[in-house]
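Visitor: Sharing a structure, written as structure tokens. Questions coming.
The values are calculated or read from the model by the stated rules, or taken from the named source; none is laboratory data. This one's a predicted model, so the numbers in the text were calculated from it and none came from an experiment. Cβ placement follows ideal geometry from the backbone for every residue including glycine, while neighbour counts extend to all protein chains displayed. Please note that ligands, DNA and RNA were not included when accessible areas were found on the heavy atoms of the full protein model with its side chains. Shrake-Rupley method; radii C 1.70, N 1.55, O 1.52, S 1.80 Å.
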Amino acid sequence: MSEAAEGIHRSKTGYSPGRKLVLLDNAPTGMLPGADYASVVSTDNFGLGQSCAAMLSPHIPANGAAGILGYGIDFFATHEREIAFRKWMATHRPDVTLVRERFAELDGARPAALAMVDKTPGLSGIFAVWDVPAMKAARALSQDGIDMPITTVDLGNEVALDMARHGMIKGVGAQMPYDQGCAAARVTLAALLGLPVPPWVALPGREVTPFDVVEAYQVIWHLPAPKAIIDSVRAPSAGHY
């Protein structure tokens, strides 16, 4: 590429052969691997959705109903999780009726969860596409005196504490952000050395339950679990919100 052409290419895309761009989680629409970026490093979001379905399934009775608390914004990662959840249920639990409510902003997760319960009296569990709306749903349901099994994605401190207390969160399909960062560093180094790199690198997640939350926390974050989580595991079940 000539110097002039290279300058035009850089001005249009922000990318040039001398600059190696590695993206996390997803690529913006219109950007192409090899031309606009070297690689995308992400978690296997499809696998996380499958894990959440498998962990919620034991809590759904035969011919029961499960809810999907979905994100109402066009975002690849959450869409993949929801698609995978649906496909797993269709294959392994075709008897289960799936209902869905969506939220566009986090504050909308509370009314969306309550709406699912109101519209589906036999609802037996909820899959929330990530941990923050999952906890908003859990608190809203608890305030209404409803105990509802929930599975979600990402092991944040709030869901980890809820699991340690044996609350509503029954399972988490956890991303591995530390390992994802390491993978991104390796891909970047390979690209800088001129080695071929795959256009997409997907790392497996980890299933977490209330029975291994402390150990999983350390594996996922490469840090000890906070004292409140450890103390809750040792103490009798609290289940407070």
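Visitor: From the list M168, M148, M176, M163, exactly one residue is of a type in the set (A, V, I, L, M), within 23 Å of E80 (Cα to Cα) and open to solvent by less than 30 Å² (accessible area, probe 1.4 Å). Which is it?
Guide: So the residue among M168, M148, M176, M163 that is of a type in the set (A, V, I, L, M), within 23 Å of E80 (Cα to Cα) and open to solvent by less than 30 Å² (accessible area, probe 1.4 Å) is M176.
Visitor: Quick test of your reading of the structure: T43 fulfils all but one of (1) under 12 Å from V201 (Cα atoms); (2) without any contact (Cβ under 8 Å) to a residue 40 or more places away in the chain; (3) of a type in the set (S, T, N, Q). Name the failing condition by number.
Guide: (2)
Visitor: Look through region 5-24, keep the residues that are modelled with pLDDT of 85 or more and open to solvent by less than 70 Å² (accessible area, probe 1.4 Å), and return whichever of them is nearest to the chain's Cα centre (by Cα).
Guide: Ranking the qualifying residues of region 5-24, first place goes to L23.
Visitor: Considering only residues that are within 24 Å of L155 (Cβ to Cβ) and of a type in the set (K, R), which ones fall in region 101-144?
Guide: R102, R110, K136, R139
Visitor: Working only within region 179-210, note down all residues that are of a type in the set (A, V, I, L, M) and either in a loop (DSSP other than H, G, I, E, B) or surrounded by fewer than 16 Cβ atoms within 10 Å (Cβ to Cβ) (or both).
Guide: Passing the criteria: A185, L189, L192, L193, L195, V197.
Visitor: May I ask you to say which residue of G145, G47, G64 is in contact with a helix residue (DSSP H, G or I) (Cβ under 9 Å, 6 or more places away or on another chain) and at pLDDT 95 or above?
Guide: After ruling out the rest, the residue left standing is G47.
Visitor: Enumerate the pairs (first residue in region 193-218 and among the acidic types (D, E); second residue anywhere and not in a strand (DSSP E or B)) with beta-carbon separation below 6 Å, excluding pairs fewer than 6 apart on the same chain, so at least 6 apart or on different chains.
Guide: Partner pairs satisfying both residue conditions: E207/S51.
Visitor: Out of all the residues in region 122-139, is one or more over 15 Å from the mean Cα position of the chain (by Cα), at pLDDT 95 or above, over 30 Å from L24 (Cβ atoms) and assigned to a loop (DSSP other than H, G, I, E, B)?
Guide: Among the residues of region 122-139, not one is over 15 Å from the mean Cα position of the chain (by Cα), at pLDDT 95 or above, over 30 Å from L24 (Cβ atoms) and assigned to a loop (DSSP other than H, G, I, E, B), which makes the answer no.
Visitor: Restrict the check to region 154-162 and report whether at least one residue is modelled with pLDDT of 95 or more, hydrophobic (A, V, I, L, M, F, W, C) and not in a helix (DSSP H, G or I).
Guide: Yes, because at least one residue in region 154-162 is modelled with pLDDT of 95 or more, hydrophobic (A, V, I, L, M, F, W, C) and not in a helix (DSSP H, G or I).
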